[in-house]
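Worksheet: one structure, shown below.
The values are calculated or read from the model by the stated rules, or taken from the named source; none is laboratory data. Computed from a predicted model, the values in this text were never measured in an experiment. Here the Cβ is made from the backbone with ideal geometry for all residues, glycine too, and neighbour counts use every protein chain on show. Ligands, DNA and RNA are excluded from the accessible area calculation, which covers all protein heavy atoms including side chains. Shrake-Rupley method; radii C 1.70, N 1.55, O 1.52, S 1.80 Å.
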Amino acid sequence: MPDRGPVLFVDDEASMRQAVTQWLELAGFEVIVCADAVSALGRLSADFPGVLVTDLKMEGTDGIELLRRAQQLDPELPVILITGHGDVEIAVEAMRIGAYDFIEKPFAPERFLEIVRHAVEKRQLVMENRRLRRSVNERTLNTRIIGTSRAAESLRSAVAELAGTDVSVILFGETGTGKDLIARCLHDFGRRQKGNYVAINCAAIPETMAESEFFGHEAGAFTSAVKTRPGKLEHANGGTLFLDEIDSMPLATQGKLLRVLQERSVERLGSNQTTAVDLRAIASSKIDLRDASNEGRFRLDLYYRLSVVELLVPPLRERKEDIPLLFEFFAASAAEAHGRALRPVSSATVSTLMAQDWPGNVRELRNAAERYALGLGGALGHALGGVASRPVADEAERSLAEQVEAFERTLIERALSESGGKISTVMERLDIPRRTLSEKMTRFGLDRQRFVDPDRQNSAADTATNGGNPPKR
């Protein structure tokens, strides 16, 4: 039995059923044949794995009504209509309702099979995305660091390995890449999960309050200290301390933090007593702390104390194949939170998303998904305006050429990713000559090296990329 889903074919003419069934079976499709719409509806469900092909004009329930009912069961089910001469206007209306495509009689078997093949491929992608969305309900690391890209898999592997240790970690990454999520995962999936997770945004604490906030104070230590208050480091005892944007921490506070981490004890302001603390330190930075040390903005000894392991959290532009799944996840979460019906994400919307560079990374994508879920007009355009690589119009405003170009880029990126950057495999999969592929990759700014599987390269070049390096000893 073929791996791809079945084709449900509906026609009230026996000769047509016989001919189309023969074409489809010779092409390797599994075929389910029905003589009327009522029988076909009995075969359909929300998780029907195949596609529906139906004649437009039939006795009783016609093809348009079958389309409407099928859409009620599953709005993402591809429905192909077969029309007679003069029915093109009705078929166009059916496309507006939600039909995948139509073909006019008489037609060549090759053309018909091409349309069916594309519809089946689309359905397979939809079913795979649904399977991935269902996996979000399972309480595993896959539900926290979402994505199927090589970068996401490498990051999950590194987090799974490091979560069971107590080593200090520095997370490097651009704004919005999800460094706070990685830190939380290291805590939640580690041996300290029952302890406190204490996150501090070092950039948000005024320098005059930093020492009191971190180390706590005794009553009367300063004018407004009316009672004793433990600091953040003391509160993290037995758990994890996450120092977000540690590059923004004042130099004076850095020195005192280093002493706490080395001696594993803290002394509150206004006290001569020390309190033992047992915590795991995780820090994040969007800049290279070694460069900051060379410039005198960060203590080198603190960097060495924290950098037992360095983990690089990749920007979204380096894991673009994760964008559709992330967008759907964020949109579904926002729809549930705001009590809205979940809007299906069309292929044109996906093409728009994939065409962007996302300088704000996952955070920017999440904001765009929330606007989309709320049904705000021009959600994607407003979310990306002024920061994307090029202006983004609403789907209805984008030209056919723009949509085709975005779709081509998506296909080439996916093929490069799945083949590990092997050009010959991409050429074979997409059935295009090398020169055409090279021209398109140049036009879309796609570098083959970005997709090359590191396992195929020299294993000696073992560096901290995408979180894949093992803990330093």
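Scanning segment 96-139 for residues that are open to solvent by 30 Å² or more (accessible area, probe 1.4 Å), of a type in the set (D, E, K, R) and modelled with pLDDT under 90 gives Arg96, Glu104, Lys105, Glu128, Arg131, Arg133, Arg134, Glu138, Arg139.
Count of segment 39-79 residues, restricted to those that are of a type in the set (Ser, Thr, Tyr) and within 32 Å of the chain's Cα centre (by Cα), is 1. Scanning segment 75-95 for residues that are out of contact with any Leu (no Cβ under 9 Å at 6 or more places or on another chain) and either aromatic (Phe, Trp, Tyr) or modelled with pLDDT of 85 or more (or both) yields a single hit, Glu76.
For segment 416-429, the criterion of being under 23 Å from the mean Cα position of the chain (by Cα), assigned to a loop (DSSP other than H, G, I, E, B) and either more than 22 Å from Ser149 (Cβ to Cβ) or modelled with pLDDT of 65 or more (or both) is satisfied by at least one residue. Screening Leu261, Leu233 for residues that are touching a residue at least 60 places away in the same chain (Cβ under 8 Å) and assigned to a helix (DSSP H, G or I) leaves exactly one candidate, Leu261.
Restricting attention to segment 282-337, report how many residues are among the aliphatic types (A, V, I, L, M), part of a helix (DSSP H, G or I) and open to solvent by 60 Å² or more (accessible area, probe 1.4 Å). Total meeting the criteria: 2.
For segment 184-203, the set of residues classified as open to solvent by less than 20 Å² (accessible area, probe 1.4 Å) and among the acidic types (Asp, Glu) is empty.
Answer with yes or no whether Ile115 is in contact with a helix residue (DSSP H, G or I) (Cβ under 8 Å, 6 or more places away or on another chain) and not polar (S, T, N, Q).
No; evaluated as a whole, the condition is false for this residue.
Just one of the numbered conditions (1) closer than 30 Å to Leu77 by Cβ; (2) at pLDDT 90 or above; (3) open to solvent by less than 20 Å² (accessible area, probe 1.4 Å) is not true of Gln356: (2). If you go through segment 338-353 and pick out every residue that is open to solvent by less than 30 Å² (accessible area, probe 1.4 Å) and not in a helix (DSSP H, G or I), you end up with 1.
Test Phe29 against the stated conditions and say whether it is out of contact with any Gly (no Cβ under 8 Å at 6 or more places or on another chain) and either more than 18 Å from Leu125 (Cα to Cα) or among the hydroxyl-bearing types (Ser, Thr, Tyr) (or both).
no
Condition test on Val92, is it surrounded by 22 or more Cβ atoms within 10 Å (Cβ to Cβ) and not acidic (Asp, Glu)? Considered against the rule, which asks whether it is surrounded by 22 or more Cβ atoms within 10 Å (Cβ to Cβ) and not acidic (Asp, Glu), Val92 comes out as no. Residues of segment 264-281 that are at pLDDT 90 or above and either part of a loop (DSSP other than H, G, I, E, B) or under 37 Å from the mean Cα position of the chain (by Cα) (or both): Arg264, Val277, Asp278, Leu279, Arg280, Ala281.
Apart from one condition, Lys57 fits all of (1) modelled with pLDDT under 90; (2) of a type outside the set (A, V, I, L, M); (3) surrounded by 13 or more Cβ atoms within 10 Å (Cβ to Cβ); (4) in contact with an Asp or Glu (Cβ under 6 Å, 6 or more places away or on another chain); the exception is (4).
Residues in segment 359-376 that are surrounded by 23 or more Cβ atoms within 10 Å (Cβ to Cβ) and not in a helix (DSSP H, G or I): 0 in all.
One residue stands out among those in segment 204-243 that are among the β-branched types (Val, Ile, Thr) and more than 21 Å from Gln193 (Cβ to Cβ): the one that is surrounded by the fewest Cβ atoms within 10 Å (Cβ to Cβ), which is Thr223.
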